[in-house]
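Heads up: the structure comes next, in structure tokens.
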Amino acid sequence: MPNALDPDLRHALAERLRYYTELGIYDFYRRDKMNAVQADAQNEAAAIAGVVEAETSSAPQPELREEMSPRRSAVVAIVREESIFEVLTPKPEQGVVDPVAALKLIREDLGDCTRCKLHKLGRKQIVFGVGNPRAELMFVGEGPGADEDAQGEPFVGRAGQLLNNMIKAMGLRREDVYIANVVKCRPPGNRTPERDECDTCSPFLMRQIAVIKPKVVVALGAVAARNLLAINAPMAELRGRFYDFMPAGVRSSDPSFPEKPWPGAKLAVTYHPAFLLRDPRQKGEAWKDLQMVMKYIGLKPLQKAE
Ligand code: URA
């Protein structure tokens, strides 16, 4: 009964709804607990059977888990745990026009982060992001693996080598683009970052994107796609189109960006390179996604991804 709602709660709910409406999310569903439990059980069975690599591998195993889980046909809005107050709180980088300085302020704000449990689960260091602070193209992965944790840079392991080849095939150099992850600390055993970890860390990613103001963001895999878009859908439904993307908490009319108004980015979803290493037959599909991006940015390919 809506009339029985406490006025503060009602106000908070109205604010929350306004926030989701701004993000373009209009439909809400209850989470299907049974599906989640079944998916976890299947993933566990796959890990035991050796289909999904166990704890020792050096890179996360995105998409394979995804492909193993039951397909859900509905696109479901994900309700983030971040508070509206967090979204509305002024950030140190606001009003700072130079993206190098602004990224530095975000990194300083992150500090020696202990906001989520990943800080005490074996991470060696925070992996903030790398690349051109004025990049037109940004890639977003899931979270650091062992190599990234050791070197402090995203995508430096085997998946990173493939990502480098993909970037090269697009006619770009790694230094031309910006690369970051949804979570900045390595999840133990390269497990998928959990919801609370993503919710805690992704505001920093959103702020990085808002500073860089790329033309296109490419979400590498379902975890990145779902966190950026706040929708829950299988890869097959996420790929093959552009989404209009404005990082959560940033508005096109934001008065802190008077120097360089930014209409937001186009967001494309493609397979995670770690998945492509396991199923190279999908490289052609990933290449189609990247060609769509290249066409939008106006890039001519140098060579095909290996
Ligand atoms: N996989 C990711 O998602 N990110 C990295 O940085 C490395 C591997």
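Residue pairs, Cβ under 6 Å, 6 or more apart or interchain, first in the range 95-112 and open to solvent by less than 40 Å² (accessible area, probe 1.4 Å), second outside any helix (DSSP H, G or I). List them.
PRO99/PRO133; PRO99/ARG134; ALA102/GLU93; ALA102/VAL96; LEU103/PRO133; ILE106/GLU93
Which of the residues belonging to the range 113-150 are surrounded by 21 or more Cβ atoms within 10 Å (Cβ to Cβ) and either of a type in the set (Ser, Thr, Tyr) or assigned to a helix (DSSP H, G or I) (or both)?
Selection gives LEU118, GLU148, ASP149.
Give me a count of the residues in the range 194-215 that are in a loop (DSSP other than H, G, I, E, B), in contact with a helix residue (DSSP H, G or I) (Cβ under 7 Å, 6 or more places away or on another chain) and open to solvent by less than 10 Å² (accessible area, probe 1.4 Å).
Total meeting the criteria: 0.
Quick one: in the range 272-287, of everything that is open to solvent by 20 Å² or more (accessible area, probe 1.4 Å) and either in contact with a Lys or Arg (Cβ under 7 Å, 6 or more places away or on another chain) or not basic (Lys, Arg) (or both), which residue is nearest to the ligand (Cβ to nearest atom)? If you could, list the steps in order and put the result at the bottom.
Looking only at the range 272-287, we keep the residues that are open to solvent by 20 Å² or more (accessible area, probe 1.4 Å), and these are 277-285, 287.
In the following step, the residues that additionally are either in contact with a Lys or Arg (Cβ under 7 Å, 6 or more places away or on another chain) or not basic (Lys, Arg) (or both) were identified as 277, 279-280, 282, 284-285, 287.
On the way: LEU277: 10, ASP279: 16, PRO280: 17, GLN282: 16, GLY284: 21, GLU285: 18, TRP287: 19 Å.
So, considering only residues that are open to solvent by 20 Å² or more (accessible area, probe 1.4 Å) and either in contact with a Lys or Arg (Cβ under 7 Å, 6 or more places away or on another chain) or not basic (Lys, Arg) (or both), the one nearest to the ligand (Cβ to nearest atom) is LEU277.
Restricting the search to the range 140-150, which residues are in contact (Cβ under 8 Å) with a residue 60 or more places away in the chain and more than 8 Å from the ligand (Cβ to nearest atom)?
Correct list: VAL140, ALA146.
Go through (1) within 8 Å of the ligand (Cβ to nearest atom); (2) in a loop (DSSP other than H, G, I, E, B); (3) of a type in the set (Val, Ile, Thr) and name the single condition VAL183 misses.
It fails just one condition, (1).
Take GLY122 and decide whether it is farther than 14 Å from PHE204 by Cα and at pLDDT 95 or above.
The answer is yes for GLY122.
If you go through the range 151-179, how many residues are crowded, with 16+ Cβ neighbours inside 10 Å, more than 9 Å from the ligand (Cβ to nearest atom) and touching a residue at least 60 places away in the same chain (Cβ under 8 Å)?
Result for the range 151-179: 7.
Is it fair to say ILE209 is out of contact with any Asp or Glu (no Cβ under 6 Å at 6 or more places or on another chain), of a type in the set (Val, Ile, Thr) and modelled with pLDDT under 95? Don't jump to the end; show me each part of the working.
Working: out of contact with any Asp or Glu (no Cβ under 6 Å at 6 or more places or on another chain): yes; of a type in the set (Val, Ile, Thr): yes; modelled with pLDDT under 95: no.
In short, no.
The values are calculated or read from the model by the stated rules, or taken from the named source; none is laboratory data. These numbers come from a predicted model, not from an experiment. Glycine also receives a Cβ, built like all others from the backbone with ideal geometry; neighbour counts cover every protein chain displayed. Note: areas computed on protein heavy atoms with side chains; ligands, DNA, RNA excluded. Shrake-Rupley method; radii C 1.70, N 1.55, O 1.52, S 1.80 Å.
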